[in-house]
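Nothing in this text is a laboratory measurement; each read-out follows from the coordinates by a stated rule. Computed from a predicted model, the values in this text were never measured in an experiment. Positions of Cβ are generated from backbone atoms using ideal geometry, with glycine treated the same way; all protein chains shown enter the neighbour counts.
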Amino acid sequence: MNNKAVFLDRDGVVNKDHAYVSKIEDFEFIDGIFDACRHFSQLGYRIIIVTNQSGIGRGYYSEREFAILTEWMKSQFMANGCEIDAVYFCPHHPKEAIGPYLLDCECRKPAPGMLLKGIAAFDLLPGSCVMIGDKLSDMVAARTAGIGRKILLQSGQSLGADELNGADEIWQSLSCGLDRF
């Protein structure tokens, strides 16, 4: 029984964060992501992506466009020998969204909703799970959900003391940290 998972943020962890990535031609995988996910799977972890996607709520792209990109992304993982068990996304924003997306919800990180949904759907033990993210909001969501290990990636952005203090571990990249996993 796989009762543990690695939760991955998308932009900045799975792919390079070019701001509101919504098209296949703009999606650029982070070096080492497939090797890392194969490694996590071999250790018995499920792979779950949890991603804020306020670009939907802001009207930059649609849920359908996000779904098409997500299916393509998942197929690329499969072609590289690893499976994504689930992708949870939040299209909301509490201040900068339109229509029904203008919402202060429980799914937008730093709220833990997407993580809690994955925990419930796969009957996971939160203390046995890992969150890998590149922002303080990822670390806060993981802590609130009871995730046992919080890893902050330094994916090219400057991080302040809050971000650094919110993580259990700080990795320069996925490749650099795998030997400690």
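Structure summary
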| read-out | value |
| --- | --- |
| Taking R180, R38 and counting other C-beta atoms within 10 Å, the order from fewest to most | R180, R38 |
| Zone residues, the range 52-80, relative to Y20, backbone N less than 18 Å from point 7 Å out along Cα-to-Cβ | 52-70 |
| Overall Cα dimensions of the range 12-95, principal axis frame, Å, largest first | 41, 25, 20 |
| Within the range 73-143, trypsin sites (Lys or Arg not before Pro) in DSSP loop having at most 15 other beta-carbon neighbours inside 10 Å | K95 |
| Full-stretch length increase - R143, E28 - with 0.36 nm per residue and alpha-carbon distance subtracted | 38.5 nm |
| Other-chain or far-sequence residues with amide H under 5 Å of I30's (modelled H) | N15, K16 |
| Spherically averaged projected area of the range 54-175 from its Cα convex hull (nm²) | 8.6 nm² |
| Within the range 90-117, backbone nitrogen closer than 15 Å to the virtual label 7 Å beyond the Cα of R58 toward Cβ | 90-99, 101-103 |
| Reach of K150 by Cα under 22 Å, taken over lysines that are not fewer than 8 positions away in the same chain | K4, K16, K109, K117, K135 |
| Ranked list, fewest to most other Cβ atoms within 10 Å of each Cβ, for Y20, Y45, Y61 | Y20, Y61, Y45 |
| Max mean-square fluctuation residue, GNM over the chain, Cα-Cα springs under 10 Å, options C82, C105, C129 | C105 |
| Exposure proxy order (Cβ contacts within 10 Å, fewest to most) of W72, W171 | W72, W171 |
